[in-house]
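Enquirer: Take this structure, written in structure tokens, and hold onto it; I'll ask about it next.
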């Protein structure tokens, strides 16, 4: 009963579209007000908590605002300063891109491969291993243990082991020597990010119909690699897209790990990312307008990156 | 080669002689009283233990008669002892008032026969700095054992008005006040190495007893040489008082309603683990228990009063919880009217369990034992901490630990902290007594292990720690060439054994009530049944939704109500709340809405709900907020000058901007220098007073393969705003002592281009480049182990070392940081400080609360409030949580002893606080960058500092333009 009504409505909708082209919005709302009513709770929330802040940030980025006094309009000054005068910002963009380019794809493929391996395990072991790999993202601030591993003390774990092995003689300041900071943060970030996308891959693997493999077998698939590339991979497309977006977003918004391991700012801004730059201006210097300008730029970069992934993936899946 | 050996021998002999001579000269016959320095040296001697003394004296008879010595019958007093003989004081005759907290007084005593005596002092404490009164007792020419060189006489306390309720119906503790009265106490071990009073052996004839006073003023009544106590058996006790009769009468005495207590910090607390707790409430805070981990140390006691309806026998039933020491019992001694009634009351053990338990005095067979009480008068019941049967073992383990630590350090001086595992050190040849000592220690440890196992009755918690060390030692003995690679483990094992022995001494016990009743009277139930406890959890869970935990009191009855935010934990906020209810509101009739927040003031402003006052905010915040017009300038308010005088003179500098003051300091912390006296003595070093001396000492220590700790804290986000420049590293000390400064006069730029600054920066970076000091290290553990015998650390580190490093107690000292010799010959010990502050917000003006808020702020930073706050927080969190209060008078009231206090004051007086400039966070940040550029990237120091200075100046300039200061 319910189903048929739904179908009827769809039918009506498509009919109107075909007949008149676009109908005026208010008429559409008046006609399907129940639908709008039902999406309203979410849409209102979305508008207040997501759209409005973004708009506010865009507006505030043209102001000088220290959070206590009334904002003053300063036009494009924030953007000028950001691009022309702020060398640290350029450094943070560089770092963020390095993150996105290295840790994003790295953890993406790592997730895929590990999920593939784990999928081959017997059931109970698989459940257990899934938990093990998902644990870092479950307990979100567990990366503090890396602080002990990478402690600059000569008795710190990694320093201690390397000294024992005779590789180093003096403790390395992993978290404050700028030659190491970025690498350390990347390692931890990759470790951390084996989370959501990993789970979605596991789910994707589980969702593939077994009979397809049998069919492939009949059609002459020779080994597991062919099986993976010709059957599994194409069928995983939705998960791949989802994970790619998640990974990109998370690599662009790396901040907590870097901040708690290397401090804010890290030595000579060596592990400074765009989000940290926002924190620096927003929370330390109380220059909200400027921080908003940075976040607007980050927003644009992310939009662009998403578009890029779409193009890439459609290219991959089309061939 | 032979020449070399001869040389080495010669050097060794010289070293030995020079070290031994002063020691020998001290321990030789001594006619004059010891000086304070000599006493200090004597206290370093850990080998002269009580156990050793008893073994040496052997089996001798106990005295049969007591000898009383009146305090004013002394025959000599040292020059530094200010003594006034009083005919009578508060009911006691022939006493002396000893004000100087120093010096010694000598008595002569004629002993009738060779015998052992215990020594009892009657004394009347005088309000000093609130510490225990430390005294020493010399017999004839020397101290029989180290424990007698210094032991304590405690003060007594109780809460002024018991437990009261605030307007919201929650309980709070009232002030703990000292009770002044005549007290009696035996000379007894402070550390719990022996439960019974110390014995001294005196031969027939004349002897001299010399009493030393070290830290506190007091009135000495008399000194009694007593017959060592022998308690009667229960059988004798019953024979003495007659037939036991049953009865119905019973009375509950809440344990938190004490009559007297030995410690200021033993206060009532809350326990919700059972509805049978008395009293109990789901939603309100009720203070229903006392003790727990604050009642852990030997000698601490609580006392209650009881009155009974008729003469006769009474059962004393305790409801307690001992969930602290897994598998082990803890112990108490019961005293009725100050006396142990019978043998069995001398040591009562409280077994381990996770739930509440009930217990009466009982013998081994489980038969209840009764005490005889008379009607018509008040009796006191006292429970005193005793270590119990393990105390001998603990003492032995402690002396083994000292021995092994010595061995470890000797090895370390040869191998260094990072031994080369491919090299043969021949340690067993270099240190001839290495193997014999290890063998002896292993044997001793095995013996102690058997011992403890027998006493406890199981080896569950004992085996690993002792045995692991024993295996470790056995391995070392078996193949001495592997010793260097085993040293790390060795030191770790010693450390864990020592802390285990310390824990073993702790005797925590949580007490709910005492039930005094006639034999076989009915007693209250102890625990909820199974369903009862489930119901309790369910109910508590649902009540948790309707209880507002962030709000404390209901202030609707007051006209003036101010809002105060506290940026701290719940424990601290609870203390503040109790203080407000107890002291502030009754006195000023101003209600206080106290809220725990960790939200920033900025957020409060944005949401339009800014408080009037925010307590304990980071030091960089006030200026930052003031720049944006969020804070109220308190310098124009009346009484400000008086408030200023409560603090160190420069402590308002970081909170001052253009002449206006925006905050009152809460805490002030600074660096002190810690050094190991024993290692310094071994290396013949003296504690450095200036940096020049410091570098020399550092070289000696490093050439002996040990390290020196110079602090360096990396900047992080909140840190760079909140802690300011002060105590992040020693650069500020070096710079300020050289006469340099961070900013120019109007704070419009840094002043780091000066010769002094470049020089100071060069020195600072040299420490880590040329002198190879480590940037990151764990001071507490390395100082304990002895491989970092010298270091600078925040003075609060003292608390941790004194509370949690028993094996080095008395072996280290805290003194002011090194200074720089000035042209006029004085030494400047300047350094920057750190700490938090309290602010009044501009919102107070909008609320019309400036007057009340200012009253609150004045009260909060007063000596009275700060003392109370510091003591109460210490009571909750232990010594480790001691507050670094910025109020000078309050600081004096905390338990610092005379010498520490003097050292701390010297260092404190020298502090030159560093101003906070607009954009000053960039200085911390870029100074760090400059430092790291030099240390990691080997950049030229001068060049690095100057280039980073430009970046700081640019940011300061930018900020000044932003705020229209240019």
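The values are calculated or read from the model by the stated rules, or taken from the named source; none is laboratory data. The model shown is predicted, which means the values in this text are computed figures rather than measured ones. Ideal geometry is used to build each Cβ from the backbone, glycine not excepted, and the neighbour counts take in all protein chains shown.
Enquirer: Might you let me know whether region A:101-110 holds any residue that is free of Cβ contacts under 8 Å to residues at least 12 places away in the same chain and part of a helix (DSSP H, G or I)?
Expert: Checked region A:101-110: at least one residue is free of Cβ contacts under 8 Å to residues at least 12 places away in the same chain and part of a helix (DSSP H, G or I).
Enquirer: Which one of A:231, A:158 is surrounded by 14 or more Cβ atoms within 10 Å (Cβ to Cβ), within 14 Å of chain B (Cβ to nearest Cβ), assigned to a helix (DSSP H, G or I) and touching a helix residue (DSSP H, G or I) at 6+ places or on another chain (Cβ under 6 Å)? Working first, answer last.
Expert: On the way: A:231 fails: within 14 Å of chain B (Cβ to nearest Cβ).
None of the other options fit; the residue is A:158.
Enquirer: Moving on. State all residues of region A:161-171 that are at the interface with chain B (Cβ under 10 Å from one of its Cβ atoms) and either buried (at least 20 other Cβ atoms within 10 Å of the Cβ) or assigned to a helix (DSSP H, G or I) (or both); if no residue qualifies, say none.
Expert: Across region A:161-171, the qualifying residues are A:163, A:164, A:171.
Enquirer: Continuing with this model, one more query. Under the condition of being assigned to a loop (DSSP other than H, G, I, E, B) and away from chain A (no Cβ under 14 Å), which residue from region B:586-608 is surrounded by the fewest Cβ atoms within 10 Å (Cβ to Cβ)?
Expert: Step one: of region B:586-608, the residues assigned to a loop (DSSP other than H, G, I, E, B) are B:589-590, B:597-600, B:607-608.
Still in the running and away from chain A (no Cβ under 14 Å): B:589-590, B:597.
Details: B:589: 12, B:590: 21, B:597: 16.
Restricting to residues being assigned to a loop (DSSP other than H, G, I, E, B) and away from chain A (no Cβ under 14 Å), the top hit is B:589.
Enquirer: Pick out the one residue from A:133, A:117 that is away from chain B (no Cβ under 13 Å) and at pLDDT below 85.
Expert: Values: A:117 fails: at pLDDT below 85.
Residue meeting the stated conditions: A:133.
Enquirer: A further question follows. From the list B:724, B:709, exactly one residue is touching a helix residue (DSSP H, G or I) at 6+ places or on another chain (Cβ under 7 Å), within 14 Å of chain A (Cβ to nearest Cβ), closer than 30 Å to residue B:878 by Cβ and modelled with pLDDT of 90 or more. Which is it? Lay out the reasoning, then the answer.
Expert: Values: B:724 fails: modelled with pLDDT of 90 or more.
Only one candidate qualifies: B:709.
Enquirer: Here's something else I'd like to know. From A:309, A:278, A:221, grab the single residue that is surrounded by 13 or more Cβ atoms within 10 Å (Cβ to Cβ), out of contact with any strand residue (DSSP E or B) (no Cβ under 6 Å at 6 or more places or on another chain), in a loop (DSSP other than H, G, I, E, B) and at negative phi. Give the derivation first.
Expert: Working: A:309 fails: in a loop (DSSP other than H, G, I, E, B); A:278 fails: in a loop (DSSP other than H, G, I, E, B).
Exactly one residue qualifies, and that residue is A:221.
Enquirer: Out of A:106, A:125, A:138, I need the residue that is surrounded by 12 or more Cβ atoms within 10 Å (Cβ to Cβ) and either more than 14 Å from chain B (Cβ to nearest Cβ) or on the phi < 0 side of the Ramachandran plot (or both). Which one? Reasoning before the result, please.
Expert: Numbers: A:125 fails: surrounded by 12 or more Cβ atoms within 10 Å (Cβ to Cβ); A:138 fails: surrounded by 12 or more Cβ atoms within 10 Å (Cβ to Cβ).
Being surrounded by 12 or more Cβ atoms within 10 Å (Cβ to Cβ) and either more than 14 Å from chain B (Cβ to nearest Cβ) or on the phi < 0 side of the Ramachandran plot (or both) holds for just one of A:106, A:125, A:138, which is A:106.
Enquirer: Quick check on region B:16-35: of everything there that is at pLDDT 75 or above and out of contact with any strand residue (DSSP E or B) (no Cβ under 9 Å at 6 or more places or on another chain), which residue is surrounded by the fewest Cβ atoms within 10 Å (Cβ to Cβ)? Before you say what the answer is, go through the steps one by one.
Expert: Initially, region B:16-35 is screened for residues at pLDDT 75 or above, giving B:32-35.
With out of contact with any strand residue (DSSP E or B) (no Cβ under 9 Å at 6 or more places or on another chain) added as a condition, the list becomes B:32, B:35.
Working: B:32: 9, B:35: 13.
By that ranking, first place goes to B:32.
Enquirer: Within region B:316-368, restricting attention to residues that are in a helix (DSSP H, G or I) and under 31 Å from the mean Cα position of the chain (by Cα), which residue is surrounded by the fewest Cβ atoms within 10 Å (Cβ to Cβ)? Show your work before the answer.
Expert: Narrowing region B:316-368 to residues in a helix (DSSP H, G or I): B:343-346.
Narrowing the set further to residues that are under 31 Å from the mean Cα position of the chain (by Cα) leaves B:345-346.
On the way: B:345: 21, B:346: 19.
Among those residues, the one meeting the criterion is B:346.
Enquirer: Pick out, from region A:25-85, the helices (runs of 4 or more DSSP H) lying fully within it that include 1 or more residues that are away from chain B (no Cβ under 14 Å), at pLDDT 90 or above and closer than 13 Å to residue A:292 by Cα.
Expert: Details: elements: A:25-31, A:33-46, A:52-60, A:77-80.
Qualifying helices (runs of 4 or more DSSP H): A:52-60, A:77-80.
Enquirer: Restricting attention to region B:741-763, does a residue exist that is more than 14 Å from chain A (Cβ to nearest Cβ), under 30 Å from residue B:417 (Cα atoms) and buried (at least 22 other Cβ atoms within 10 Å of the Cβ)?
Expert: Just the residues of region B:741-763 that are more than 14 Å from chain A (Cβ to nearest Cβ), to begin with: B:741-763.
Retained after the next criterion (residues that are under 30 Å from residue B:417 (Cα atoms)): B:760-763.
Keeping just the survivors that are buried (at least 22 other Cβ atoms within 10 Å of the Cβ) gives B:760-761.
Within region B:741-763, one or more residues are more than 14 Å from chain A (Cβ to nearest Cβ), under 30 Å from residue B:417 (Cα atoms) and buried (at least 22 other Cβ atoms within 10 Å of the Cβ).
Enquirer: Tell me, please, whether a residue that is under 24 Å from the mean Cα position of the chain (by Cα) and assigned to a loop (DSSP other than H, G, I, E, B) can be found in region B:218-236. Don't jump to the end; show me each part of the working.
Expert: The first filter runs over region B:218-236 and keeps only residues under 24 Å from the mean Cα position of the chain (by Cα), leaving B:218.
This time we only want the ones that are assigned to a loop (DSSP other than H, G, I, E, B), so: none.
No, region B:218-236 has no match at all.
Enquirer: Looking at B:928, B:953, which one is in a helix (DSSP H, G or I), farther than 30 Å from residue B:264 by Cβ and more than 13 Å from every other protein chain (Cβ to nearest Cβ)? Give the derivation first.
Expert: Numbers: B:928 fails: more than 13 Å from every other protein chain (Cβ to nearest Cβ).
Exactly one of B:928, B:953 is in a helix (DSSP H, G or I), farther than 30 Å from residue B:264 by Cβ and more than 13 Å from every other protein chain (Cβ to nearest Cβ), namely B:953.
Enquirer: Please go through (1) in a loop (DSSP other than H, G, I, E, B); (2) at pLDDT 90 or above; (3) touching a strand residue (DSSP E or B) at 6+ places or on another chain (Cβ under 7 Å) for residue B:619 and return the number of the only condition it doesn't satisfy.
Expert: (2)
Enquirer: Could you check residue B:501 against (1) crowded, with 22+ Cβ neighbours inside 10 Å; (2) modelled with pLDDT of 85 or more; (3) part of a helix (DSSP H, G or I) and say which number it fails?
Expert: Tallying (1) crowded, with 22+ Cβ neighbours inside 10 Å; (2) modelled with pLDDT of 85 or more; (3) part of a helix (DSSP H, G or I), residue B:501 fails exactly one: (2).
Enquirer: Of the residues B:821, B:788, B:771, which is touching a helix residue (DSSP H, G or I) at 6+ places or on another chain (Cβ under 6 Å) and either surrounded by fewer than 20 Cβ atoms within 10 Å (Cβ to Cβ) or farther than 30 Å from residue B:963 by Cβ (or both)? Quick ask: steps written out before the conclusion?
Expert: On the way: B:821 fails: touching a helix residue (DSSP H, G or I) at 6+ places or on another chain (Cβ under 6 Å); B:771 fails: touching a helix residue (DSSP H, G or I) at 6+ places or on another chain (Cβ under 6 Å).
After applying the criteria, what remains is B:788.
Enquirer: Taking the criterion of being within 14 Å of another protein chain (Cβ to nearest Cβ) and either in a helix (DSSP H, G or I) or in contact with a strand residue (DSSP E or B) (Cβ under 7 Å, 6 or more places away or on another chain) (or both), would at least one residue in region B:914-921 satisfy it? Walk me through it before giving the result.
Expert: Kept after step one, since they are within 14 Å of another protein chain (Cβ to nearest Cβ), are these residues of region B:914-921: B:916-921.
Then drop every residue that is not either in a helix (DSSP H, G or I) or in contact with a strand residue (DSSP E or B) (Cβ under 7 Å, 6 or more places away or on another chain) (or both), which leaves B:917, B:921.
Within region B:914-921, one or more residues are within 14 Å of another protein chain (Cβ to nearest Cβ) and either in a helix (DSSP H, G or I) or in contact with a strand residue (DSSP E or B) (Cβ under 7 Å, 6 or more places away or on another chain) (or both).
Enquirer: Still on this structure, please answer the following. If I go through region B:627-667 residue by residue, how many of them are modelled with pLDDT under 90 and within 14 Å of chain A (Cβ to nearest Cβ)?
Expert: 4
Enquirer: Taking residue A:243 as the residue in question, decide whether it is within 12 Å of chain B (Cβ to nearest Cβ), touching a residue at least 60 places away in the same chain (Cβ under 8 Å), in a helix (DSSP H, G or I) and out of contact with any strand residue (DSSP E or B) (no Cβ under 8 Å at 6 or more places or on another chain). Before the answer, list the steps.
Expert: Values: within 12 Å of chain B (Cβ to nearest Cβ): no; touching a residue at least 60 places away in the same chain (Cβ under 8 Å): yes; in a helix (DSSP H, G or I): yes; out of contact with any strand residue (DSSP E or B) (no Cβ under 8 Å at 6 or more places or on another chain): yes.
In short, no.
Enquirer: Now a separate question. Scanning region A:141-155 for residues that are closer than 12 Å to residue A:188 by Cα and either more than 28 Å from the chain's Cα centre (by Cα) or not in a helix (DSSP H, G or I) (or both), which turns out farthest from the other protein chains (Cβ to nearest Cβ)? So that I can check it myself, show each step before the final result.
Expert: Residues of region A:141-155 that are closer than 12 Å to residue A:188 by Cα, as a first pass: A:141-147, A:149-150.
Right, trim to either more than 28 Å from the chain's Cα centre (by Cα) or not in a helix (DSSP H, G or I) (or both) and you get A:141-143, A:150.
Working: A:141: 15, A:142: 19, A:143: 15, A:150: 11 Å.
It comes out as A:142.
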